[in-house]
Every structure is written in structure tokens, then in C-alpha cells.
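Here the structure is laid out as C-alpha cells; the discussion comes afterwards.
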Amino acid sequence: MRLTAYTDYTLRVLMYLALHPGRCATVAEIATAYGISAAHLNKVVQRLALAGEVETLRGRHGGIRLAKPPEAINLAPVVRRTEPDMDFVPCFAEPSACVLGRCCLLQGALRRAGEAFLEELGRSTLADLIGPGGPTADLFRARPSGPLPRPRRGATEPQASGVAPAPLR
């Protein structure tokens, strides 16, 4: 399973805004921070505003900010909205596309896996992604303007529970 870049960008925008409470950010600022296209982010921000998760403010001191506290933004509805086609295999949308037809058990297993994925996301909020004073917040506070640094190949992410670090991808 792979989420689209659109979903990734949506979550990144929300995280950035949550890490900068009390002020408006611009699309250009967020695009620069992540090293991604501002044109893509404009579409993301427009849909987040329609969903009521961000507010857009016009004018000299305008920009975007969260419309709700990070604790009130659950990840499952965000991902469901940004990934309307969670069909892992062609037979989800077109059952006749499968030679196995009604006797196929793979389709059921994949549907359950997808629901388990979304159920797990439903246990997390935007606040869980940024953590209180966690490494993500430190990264944005400590860096000069410009894109975030790319991890070195073989580098590891810090783990909070004393468990061995996981390799970055």
C-alpha cells in the first residue's frame, strides 16, 4: 500500500501549522520548508479549508492557520478524504476483473487490512504527529530558512521508548 503525494503533502501542511501555533504561515513558506511545489500545496490548502481544518486569511498579514486545535484533528478522516480510492487491487472497483471471482479470499483480506490501517490512524491526532517539544518541533525551530535537510543514507530516527532506532527511508 502506498499513499499518494497529495496525502503526504496534506499531512505535512497540517504538521507545519501545528508546529507554528498562533501565527499565519504562507504556502510559499511551507513549500520552502519542505522543498516541494507551492502549486501542489495551493490545492492541498484549498481542500483543507473546505474541510474546515485550516483557515485562510487574506491581506497583508494573511496566510493559513489551523482552524481547530491539533488534538481535534483525527488522522483517519484526513486520509480517507485525501485517498478516496483505497482500492488495493483492480477487482475492488470492478469485481468482474478477477478470474477468481466470488471464490477469491484475497479481496476480503486486503479490505480488512485497509480497514485496520484506517482504524489505527483513527487512534492518532495531529497532536500525536508533532509531539510535545519532540524532534519535529526542534527541527523547525533550529533550522535557518530553506528546505529541511535530507537524512543521510543509513541514518536512523530517534525512538522515544529506548527501542533500537529504525532506519530512515
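The values are calculated or read from the model by the stated rules, or taken from the named source; none is laboratory data. All values derive from a computational prediction rather than experimental measurement. As a convention, Cβ positions derive from the backbone with ideal geometry for all residues, glycine included, and neighbour counts pool all protein chains shown.
Inspect all residues belonging to the stretch 89-103 and state whether any of them is under 20 Å from GLY131 (Cβ atoms) and touching an Asp or Glu at 6+ places or on another chain (Cβ under 8 Å). No: the stretch 89-103 contains no residue that is under 20 Å from GLY131 (Cβ atoms) and touching an Asp or Glu at 6+ places or on another chain (Cβ under 8 Å). The number of residues in the stretch 112-155 that are at pLDDT below 85, part of a helix (DSSP H, G or I) and touching a Phe, Trp or Tyr at 6+ places or on another chain (Cβ under 8 Å) comes to 1. Within the stretch 107-128, residues that are under 13 Å from GLU71 (Cα atoms) reach partners that are exposed (fewer than 14 other Cβ atoms within 10 Å of the Cβ) with beta carbons closer than 8 Å, at six or more positions or on different chains, in the pairs THR125/GLU71; THR125/ALA72; LEU126/GLU71; ALA127/PRO69; ALA127/GLU71. Listed by position, the helices (runs of 4 or more DSSP H) contained in the stretch 1-83 that have at least 3 residues being in contact (Cβ under 8 Å) with a residue 60 or more places away in the chain and surrounded by 14 or more Cβ atoms within 10 Å (Cβ to Cβ) are 5-19, 27-34, 75-82.
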